[in-house]
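Novice: Here it is: the structure, laid out below.
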Amino acid sequence: MDKQELMLCGLQVSDWIGITEIIVTSVIGIWIAVAVQNNLTKSRYLKEYFINEVKDIRDLYKAFLNQLYKSQVSAKDIKDWFKIMSERTRTLDIFLHEKYKIENSLIVQKHAEIQQTITNMDEFNDDYKKKTITFTNSSKNEILKLHSELSCDLTQRVIDINSAKNRWKVHKNR
Amino acid sequence: MEEQKVSIVIADYSKSPGPRYCRQGDDSGEDFYHKVLNEKFKNAFEQKLELEVNLDGPDGYASSFLDEAFGNLVFDFGLENVQSRIIIVSNEEPEWIEMIEKETYVQWEIRRKDKQNPTKTIDHEAWWRFNFANNSTERQIWINKN
């Protein structure tokens, strides 16, 4: 009688314990794998988004400075463009700081330096009323130097994002 | 107790601030200094009030505009007086505050001490300047058109 009570489907209690253990372990294993994979996917997706934003900034700068070298922009165009880019670079820096604790403001600082240098140049001010501004070769060289420094900073930022660890911080308002 | 201050919103002067000098274009830094900033600062200074200058609103700035406007202020009133009375606000582009406070103020104070007069590209009406000898403000045409 005792032996029959302990048996179900021809298996003893110890067998059922073993089976249950296998099932529970498998479920936990699958759950961990799925959860980790989801987090990795989310993390990678977010990093790719930020890296694409850095690449967009690089492309926008390249296109804008090409126009500037070819004397195709006015002083007002330059002023407007810099203000829009100030907002974009600052927003990126804020999110990178919040998400990955990347402290410095490489892009914002270099962008500000370029903005201040170009809008202080004699050609910018003397040709302010003209439809387009023609920069001298000396000024173009100065801009080129700053542009290549910005490119380095943008590359550094991609490296920073790629190697950053998530803070896993919960933002109540976001 | 609420701190007493007066304020200037640059967007009220121009939605599109211009270049450095009057001869270079409309709404220049030179023009803004002579039409707005000099008088406002003198009044705040004499009444011992803070003057808040808000940079937000316009479509963007040339660094030369801000340098000429705030630089002339330091030239006419001295660095210490300007620093103790002016508060610059810029939520949109806070980098301008750093430029003005760390570069413009310092460079124009050196210029003031070296007596290197600013360039005036048009004839301006008399404007205010602090006289360090008798500790008072005086109004006259200090520099003619160069």
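Novice: Using the C-alpha atoms of the range A:40-110, what convex hull volume per residue, in cubic angstrom, is computed? If you can, show how the numbers build up before the last one.
Specialist: Working: hull volume 5.6 nm³, N = 71.
Expressed per residue, the convex hull around the Cα atoms of the range A:40-110 is 78 Å³.
Novice: Okay, next question. Give the accessible area for B:R85 in Å² (nearest 10); use a 1.4 Å probe, count only protein heavy atoms, and leave out ligands, DNA and RNA.
Specialist: Around 50 Å² of this residue is reachable by solvent.
Novice: Which ³J(HN,Hα) values in Hz, rounded to whole numbers, follow from the phi angles of the range B:51-60 under the Karplus curve 6.51 cos²θ - 1.76 cosθ + 1.60, where θ = phi - 60° and Gly and Pro get x?
Specialist: These are the phi-based 3J(HN,Hα) values: 10, 9, 10, 9, 8, 6, x, x, 6, x Hz.
Novice: Now for a separate question. Please find, in a Gaussian network model of chain A (springs between Cα atoms separated by less than 10 Å), the residue of A:I19, A:I118, A:I159 whose mean-square fluctuation is greatest.
Specialist: Evaluated over chain A, the most mobile residue of the options is A:I19.
Novice: Something else now. For chain B, with equal point scatterers placed on the C-alpha atoms only and solvent neglected, what are the log10 I(q)/I(0) values from the Debye formula at q = 0.19 1/Å, to two decimals?
Specialist: Here log10 of I(q) over I(0) equals -1.21.
Novice: I've got another one for you. How about A:K129: which aspartates and glutamates have a C-alpha closer than 13 Å to its C-alpha, ignoring those fewer than 8 places off in the same chain?
Specialist: A:D77, B:D26, B:D27
Novice: With a 1.4 Å probe and every protein chain left in place, work out the accessible area per residue of chain A in Å², rounded to a whole number. Please report the intermediate quantities before stating the final value.
Specialist: Working: 11070 Å² over 174 residues.
Per residue, chain A has 64 Å² of solvent-accessible surface.
Novice: How big is the protein assembly as shown along each principal axis, measuring the range of its Cα positions in Å and listing the largest first?
Specialist: Cα extents, longest axis first: 118, 57, 31 Å.
Novice: Over all distinct Cα pairs, what is the inverse of the mean 1/r for the range B:1-74, reported as the Kirkwood hydrodynamic radius in Å?
Specialist: Values: mean 1/r = 0.0796 Å⁻¹.
Taking the inverse mean of 1/r over all distinct Cα pairs, the range B:1-74 comes out at 12.6 Å.
Novice: If r is the Cβ-Cβ distance from B:N91 to A:V27 and R0 is 51 Å, what FRET efficiency results, to the nearest 0.05?
Specialist: In this case the efficiency is close to 0.50.
Novice: Taking 0.36 nm per residue of sequence separation and subtracting the Cα-Cα distance, how much length would be gained by fully extending the chain between A:I84 and A:C9, in nm to one decimal?
Specialist: Full extension from A:I84 to A:C9 adds 19.7 nm.
Novice: Summarise the accessible area of chain A (1.4 Å probe, protein heavy atoms) by the percent that is carbon and sulfur.
Specialist: 58
Novice: Can you work out ³J(HN,Hα) from phi for every residue in the range A:33-48, in order, using Karplus 6.51 cos²θ - 1.76 cosθ + 1.60 and θ = phi - 60°, giving whole Hz and x for Gly and Pro?
Specialist: 4, 5, 5, 4, 4, 4, 5, 5, 5, 4, 4, 5, 4, 5, 4, 5
Novice: What is the gain in length, in nm to one decimal, between B:E138 and B:K113 on full extension, counting 0.36 nm per residue of separation less the C-alpha to C-alpha distance?
Specialist: 7.2 nm
Novice: Need one number: the % of Cα-Cα pairs in the range A:46-163 sitting beyond the 26 Å mark.
Specialist: Tail of P(r) above 26 Å: 22 percent of Cα pairs.
Novice: Another question, if that's okay. Not counting ligands, DNA or RNA, and with a 1.4 Å probe, what is A:F135's accessible surface area in Å² rounded to the nearest 10?
Specialist: Here the accessible area works out near 10 Å².
Novice: Arrange the residues A:D127, B:D26 by how much accessible surface each exposes, largest first, with a 1.4 angstrom probe.
Specialist: Result, largest first: B:D26, A:D127.
The values are calculated or read from the model by the stated rules, or taken from the named source; none is laboratory data. As the structure is a computational prediction, the values presented were derived from the model and not from experiment. When we count neighbours, we look across all protein chains shown, and the Cβ atoms used for this are built from the backbone with ideal geometry, even at glycine. What goes into the accessible areas is simple: the full protein's heavy atoms, side chains included, and nothing from ligands, DNA or RNA. Shrake-Rupley method; radii C 1.70, N 1.55, O 1.52, S 1.80 Å.
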